[in-house]
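All of the numbers you see were taken from the coordinates with simple rules; none came from a lab. Since we're looking at a predicted model, the values are computed, not measured. Cβ atoms come from the backbone with ideal geometry, glycine included; neighbour counts cover every protein chain shown.
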Amino acid sequence: MKIPADRGRFVTFEGPDGSGKTTQLRLLYPWLVEQGYPVIVTREPGGTVIGEQIRALLHDCARTEMSAQAEILLYSASRAQLVAEFILPALDAGKWVLCDRYYDSTFAYQGYGRGLSLDDLRAITRFATQLLKPDLTLYLDVSPEIGLQRRAQSGEALNRLDRETLAFHRRVREGYLALAAAEPERWITVDASLPVSEVQAVLRQILQTWGEKLQ
Ligand code: TYD
């Protein structure tokens, strides 16, 4: 979907587990508000009452029987609800929507990670998102070795996907790099192995430059 100039902007944050997206977004949000950007933040899976319930199911480590097909449809259902209930109305109201993960996570994790058909994922995604595409995708790149180590040290409970093998996480990262290379006009890659404050400075610079170009 092409967003007209008077509409808001849709910026997504992507990265392997432990890339620090969530920390970076937490620091970025108040700064963007201070700069006067009409921002709001949301996340996937989740972001709506329905989506958060789906998230709990998706992250439940006891649900080892979940099929790969069911997993995709659950992520997509959460996304469909978020787009319809939250993102599209916010864009209509002129907001900048910052989203912690979006459909590129499905291509990276379920497509490249699990080896499912990218064509099938594209069809499901078109339906779920009403063709809403991000204006900008900030990709926080980190090796799975560093990412998983950070995740383990963070003390956060591990979700179903964190428990996947190193080989799975390597495929996810390769997937992200392929996705970024295929659409260079939408993606900006940031080295997320740097300290938090340095990554934050890079992100602020990127968004400021991008925001100025839009005016
Ligand atoms: P979350 O706890 O939000 O992790 P992170 O802070 O790394 O985003 O968990 C989201 C998990 O769900 C993460 O392991 C990636 C996975 N995921 C998919 O596999 N497919 C998807 O479409 C999405 C949105 C997430």
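For LYS95, a cut-off of 12 angstrom between C-alpha atoms picks up these aspartates and glutamates, skipping any fewer than 8 places away in its own chain: ASP6. Taking other Cβ atoms within 10 Å as a rough exposure proxy, ASP141, ASP119 sort from fewest to most as ASP119, ASP141. Normalised by the number of residues in the chain, the average gap of Cα pairs under 8 Å and 6 or more apart makes the relative contact order 32 percent. The spacing between segment 165-215 and segment 84-163, judged by their C-alpha centroids, is 13 Å. When the charge dipole of the chain is built from unit charges on Cβ atoms (+1 for Lys and Arg, -1 for Asp and Glu) and taken about the Cα centre, the candidate among TYR112, GLN35, TYR75 whose Cα reaches farthest toward its positive end is TYR75.
Suppose the chain between ALA167 and THR64 were pulled fully straight at 0.36 nm per residue; how much longer would it get relative to their current alpha carbon spacing? Before the final figure, lay out the partial values.
Values: separation 103, 0.36 × 103 = 37.08 nm, distance 1.85 nm.
Stretched out fully, the ALA167 to THR64 stretch lengthens by 35.2 nm.
Between LEU203, THR48, CYS61, the Cα set farthest toward the positive side of the dipole of the chain (charges on each charged residue's Cβ, about the Cα centre) is that of THR48.
Phi-derived couplings, Karplus 6.51 cos²θ - 1.76 cosθ + 1.60 at θ = phi - 60°, listed residue by residue for segment 74-79: 5, 4, 5, 5, 4, 5 Hz, with x used for Gly and Pro.
Provide LYS213, LYS95, LYS133 in ascending order of the number of other Cβ atoms located within 10 Å of each residue's Cβ, fewest first.
Numbers: LYS213 7, LYS95 19, LYS133 16.
Ascending Cβ contact count within 10 Å gives the list LYS213, LYS133, LYS95.
Quick one: net charge of THR137's neighbours, Cβ under 14 Å, K/R +1, D/E -1?
Working: positive: ARG9, LYS21, ARG101, LYS133, ARG186; negative: GLU14, GLU44, ASP100, ASP104, ASP135, ASP141, GLU183, GLU185.
Here the count lands on -3.
Placing +1 on the Cβ of every Lys and Arg and -1 on the Cβ of every Asp and Glu, with no other charges, gives the chain a dipole of roughly 120 debye about its Cα centre.
Exposure proxy shown here: for GLU14, GLU185, GLU85, GLU164, the number of other Cβ atoms within 10 Å sets the order, fewest to most, as GLU185, GLU85, GLU164, GLU14.
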